[in-house]
Structures are given as C-alpha cells and as structure tokens.
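Asks: For reference, the structure I am asking about is given below.
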Amino acid sequence: MHPLFFHWHPGIKTDSALLEPRWNAAAKFVEKTTSADICSLLGLVFDQECPSELTARFTAALVAADPTFPPEKNVQLLRVMAAAALHAKMENMTSTSSAIALGLQSANFPEGRVSPICNDITKRGSEFLALMGENVRPKLHLGTLDESEKKAGSQMAILKEAITTADQAKIASATEAYCKTVLSSMKESHNQLGKVFGRINEENQFLWWLIGRRSPTLDIRRENVSPEVYAIPAATEAAQRVILLPPPACVEAILDEVLAQCLPSTKGPATVINLIDSIDASFLEHNEFDSPAPNLTPLTYLTAERKRTNKVATSSLAKLNIPSKARFTPLQISRQYFREKLFLRALSEF
C-alpha cells in the first residue's frame, strides 16, 4: 500500500483501518484484466467518462471485500480506488503495468489537460517508465558460462566415478544427467544471447535510422521535408523500431535529432489543427489511426478525423479539452504521437 494512500481521499471521510483491505481489493481487481478495463480505470483516474459496466463491476468487487464501501454515489471514491489499482499493478513489470504507465503518460497532452485524482499515480508512471525502460533490455551476464562449466564439471565428476564402478545402471544414469546438464546450459546460453541480440538489433535500427538521414515512410531525404510534415511520420518510424516495451528514454532525444535533419522551419510553433493538416496525404492513406480511448490518445483521434473528413474540427479540440489556439513545436507533436503509438501497441499485446 502506498504510504500516502490516506491522503488520496480529499474531502472523503475514510476510516484508516479500512485502507489496507480496500487497497488489496483494488489490487486484486486488476490481477486479471483487459485492455478495455485499463482504459476505463485510467479514465476514472483522470475524471473522464467511464463505462457504467466497469464502475458497477469495480464497485461490486470493492463492496465484496469491504461491506462498508458505498455502493452508490461513490464516483470520487472510485477514482481513488482506480488509482490504487493501477499503482499496485505497476509494482511489478508486466505487459499490463507497461500499458498503464504508457497510458498515464499519453493522456497528459498538453501538459495539464487531465487532472489525476492524485499526483502520486502519475509520478509512479514516470518512475516506472524511466526504470523499466532500461531494466527490460537484457545485459550480457559474463558469469553465465562459468556457472555452466561448474555444473557440467560436477556432473562429469559423477560420470567418471560411475565408470570406475563398472556399474552399467550408474553409468547410464550419470551419462543422462551429464547430457541434460549440458543441454540445459546450452539452452540458457542461447536464450540469453537471443535476448541480448534483440537489444542490439533495436539499437542498430535506431542508429541506421538516425545516420541514414532519410524517411523510409515518406521515401524522401529529411533535408527535403519540413519538420511539420515529418513530425507524425517520424514518431511512427521511431515506434516501429522499439522492440521491447517500455521504450528506452533516449528515443525521444533521437526524435529531436531526426527532426533537426529536416528543412529549417520558418513557421515557429503552430496549432494542433495546423500541424495535423500538414501531414502528408499518402501517409494518411497508408496508415491506420484507430484508438479505443480517444481521451487517452488525443493526437491519434484527431489524425483519424483528418483522414476521415480531410479536416480537424475545432469542436473536436474542445471535446478533448485542448485549447484551439495553443501552439506546439513539431517535436512536441512527434513525441506525443510516439507515446500514443506505444500505448496503443501495449494495449494490443495483452
């Protein structure tokens, strides 16, 4: 349980003795969950519209664990419990916890657009991405071979001793054990090397993408395209090169370098509508922009509207609580769309 969980209840009378049972009930609720549930719980945390089916099911689970939990008129308390559920899930690295952290990050655009029930949940999301972005990328453990040699050596000694007895049963048993040990060591070594090569492959893809100075999606050298046109395609290309989730923190810095290779921009920051209007038509035609959670992926939603109607309505910005006159750089748009792409991918990997 988070040490400040009591303080997540602004204006809500709460018996401190009930905190831990309620936290545990929330954590149990997300042990087995769906991508739709995660989107709904994130929506609750940010005080967005949430399906009544989810709130009813979540309330029932909490009441079952704590009969004093209010079954009705409990929206604010449910928001608190949603934050508890998501925070508890992020205590360990799983595909679900990665999706949660990416969703918390993706929803907060522009910064301050959403209001979480407590700041501790978004803080945990940022910490999770920073820590796990490196931890999920395997390192080569040089001691693995030494351990394998020790195990094989121990089994070899047993086999040699069995041979001296001339007991065929002992020799057969020792031989089998030795072979199993060698095979197990080979599997362990190959498995670890495979994971390390996956990391190397990811790093190489980003390296060649950066130094190639070319957009494979638009089939053009970056020096011949503006950052406004390339912002969304660049984010897409970066997302395609991420092998493991969550992504390494350095990718957003690479996006900065990639956009700096484009034509010098003379326009300065622009509105979201102007930047989405700048997207190349062929890019829109050959890519999909579906999202199960528009409020958590605002740029994906707006880009889908541009593809569908050839324009973005000001009313759509209002629906997403994005100021129509707010201005952003291509890099800000590219970073945000990159975050949304990875959040949507994480949801699809449940």
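The values are calculated or read from the model by the stated rules, or taken from the named source; none is laboratory data. None of these values were measured; they are calculated from a predicted model. When we count neighbours, we look across all protein chains shown, and the Cβ atoms used for this are built from the backbone with ideal geometry, even at glycine.
Asks: Could you please find all residues in the range 88-119 being modelled with pLDDT under 95 and of a type in the set (Lys, Arg)?
Replies: Of everything in the range 88-119, just one residue is modelled with pLDDT under 95 and of a type in the set (Lys, Arg), namely 113.
Asks: Still on this structure: When you go through (1) under 28 Å from the mean Cα position of the chain (by Cα); (2) at pLDDT 90 or above one by one for residue 170, which number turns out not to apply?
Replies: (1)
Conditions (1) without any contact (Cβ under 8 Å) to a residue 40 or more places away in the chain; (2) outside any helix (DSSP H, G or I); (3) of a type in the set (Gly, Ala, Ser); (4) under 21 Å from residue 106 (Cβ atoms), marked per residue:
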residue: 197; (1), (2), (3), (4): yes, no, no, no
residue: 205; (1), (2), (3), (4): yes, no, no, no
residue: 258; (1), (2), (3), (4): no, no, no, yes
residue: 265; (1), (2), (3), (4): no, yes, yes, no
residue: 273; (1), (2), (3), (4): no, no, no, yes
residue: 287; (1), (2), (3), (4): no, yes, no, yes
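Asks: Something else: Kindly provide the set of residues from the range 189-210 that are in contact with a helix residue (DSSP H, G or I) (Cβ under 7 Å, 6 or more places away or on another chain) and modelled with pLDDT under 85, ordered by number.
Replies: Selection gives 189, 192.
Asks: Same structure, new question: Please go through the range 54-74 and pick out each residue that is free of Cβ contacts under 8 Å to residues at least 12 places away in the same chain and within 30 Å of residue 112 (Cβ to Cβ).
Replies: Scanning the range 54-74 gives a single hit, 73.
Asks: Continuing with the same structure: Tell me which residues, restricted to the range 25-52, are farther than 19 Å from residue 99 by Cα and either among the hydrophobic types (A, V, I, L, M, F, W, C) or at pLDDT 95 or above (or both).
Replies: Across the range 25-52, the qualifying residue is only 25.
Asks: Of all residues in the range 307-334 being out of contact with any Cys (no Cβ under 9 Å at 6 or more places or on another chain) and surrounded by 22 or more Cβ atoms within 10 Å (Cβ to Cβ), which is farthest from residue 101 (Cα to Cα)?
Replies: 312
Asks: Given the criteria more than 30 Å from residue 274 (Cβ to Cβ), surrounded by 12 or more Cβ atoms within 10 Å (Cβ to Cβ), of a type in the set (Lys, Arg) and in contact with a helix residue (DSSP H, G or I) (Cβ under 9 Å, 6 or more places away or on another chain), does residue 241 qualify?
Replies: no
Asks: Among the listed residues 61, 152, 85, 130, identify the single one that is of a type in the set (A, V, I, L, M), crowded, with 21+ Cβ neighbours inside 10 Å and either under 22 Å from residue 337 (Cα atoms) or more than 16 Å from the chain's Cα centre (by Cα) (or both).
Replies: 85
Asks: Moving on to the next point. For the range 111-129, name all the residues that are touching a helix residue (DSSP H, G or I) at 6+ places or on another chain (Cβ under 8 Å) and part of a loop (DSSP other than H, G, I, E, B).
Replies: 113, 114, 116, 117, 118
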